[in-house]
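Below is one structure, written out as structure tokens; the observations come after it.
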Amino acid sequence: ILQQAKVPLVKQEKCITAYNQLNLKVTPQMFCAGYENGKVDACEGDSGGPLVCKVTDIKRNEEVWYLYGTISWGVGCARKGFYGVLANPKTMRSWIDSVAFKKKF
């Protein structure tokens, strides 16, 4: 069953600190989202799914959904003190373009 969750973005320093204690690295191409107390998070099978934000398109004067991140990894599911780790598609844009547009279909 397709589900959704509303989660806040987490400051990068807080994200890095949470995972440093397990010697897991959060790179500049990653960011975290979720609650410090856990309870709401992505889980196994959700990797590759989107984190979207509603933003106002000033040119069209309407709200649109914007892909902000792609679910990547985490420690367990909704564990206290740990957040969901996501890939930042903006930092991966050139790689995405090189793969997606390599062949003409």
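The values are calculated or read from the model by the stated rules, or taken from the named source; none is laboratory data. Owing to the predicted nature of the structure, the values given are computational and were not obtained by experimental measurement. As a convention, Cβ positions derive from the backbone with ideal geometry for all residues, glycine included, and neighbour counts pool all protein chains shown.
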Within region 1-13, the count of residues that are in contact with a Phe, Trp or Tyr (Cβ under 8 Å, 6 or more places away or on another chain) and within 16 Å of GLY81 (Cβ to Cβ) comes to 3
Could we say that TYR35 is modelled with pLDDT of 95 or more and part of a loop (DSSP other than H, G, I, E, B) here? yes
Residue pairs meeting the criteria (Cβ under 6 Å; at least 6 apart or on separate chains; first part of a loop (DSSP other than H, G, I, E, B), in region 17-30; second among the β-branched types (Val, Ile, Thr)): VAL26/ILE16; GLN29/THR91
Taking region 20-51 and keeping only residues that are aliphatic (A, V, I, L, M) and under 14 Å from ALA87 (Cβ atoms), one is left with VAL26, MET30, ALA33, ALA42, LEU51
Residues being surrounded by 16 or more Cβ atoms within 10 Å (Cβ to Cβ) and touching a residue at least 24 places away in the same chain (Cβ under 8 Å): count how many of those fall in region 6-16. 4
Checked against (1) at pLDDT below 95; (2) assigned to a loop (DSSP other than H, G, I, E, B); (3) of a type outside the set (Val, Ile, Thr); (4) surrounded by 11 or more Cβ atoms within 10 Å (Cβ to Cβ), GLY45 satisfies every condition except (4)
Among the residues of region 91-98, is there at least one that is in contact with a helix residue (DSSP H, G or I) (Cβ under 8 Å, 6 or more places away or on another chain) and modelled with pLDDT under 95? yes
Name every residue in region 1-40 that is under 16 Å from the mean Cα position of the chain (by Cα) and either at positive phi or aromatic (Phe, Trp, Tyr) (or both), in order of residue number. TYR19, PHE31, GLY34, TYR35, GLY38
Among the residues of region 74-95 satisfying the criterion of being aliphatic (A, V, I, L, M) and not in a loop (DSSP other than H, G, I, E, B), which is farthest from GLN12 (Cα to Cα)? MET92
Can you pull out the residues in region 58-69 that are in a strand (DSSP E or B) and either surrounded by fewer than 16 Cβ atoms within 10 Å (Cβ to Cβ) or in contact (Cβ under 8 Å) with a residue 60 or more places away in the chain (or both)? GLU62, GLU63, VAL64, TRP65, TYR66, LEU67
One residue from LYS14, LYS54 being in contact with a strand residue (DSSP E or B) (Cβ under 8 Å, 6 or more places away or on another chain), assigned to a helix (DSSP H, G or I) and not hydrophobic (A, V, I, L, M, F, W, C): LYS14
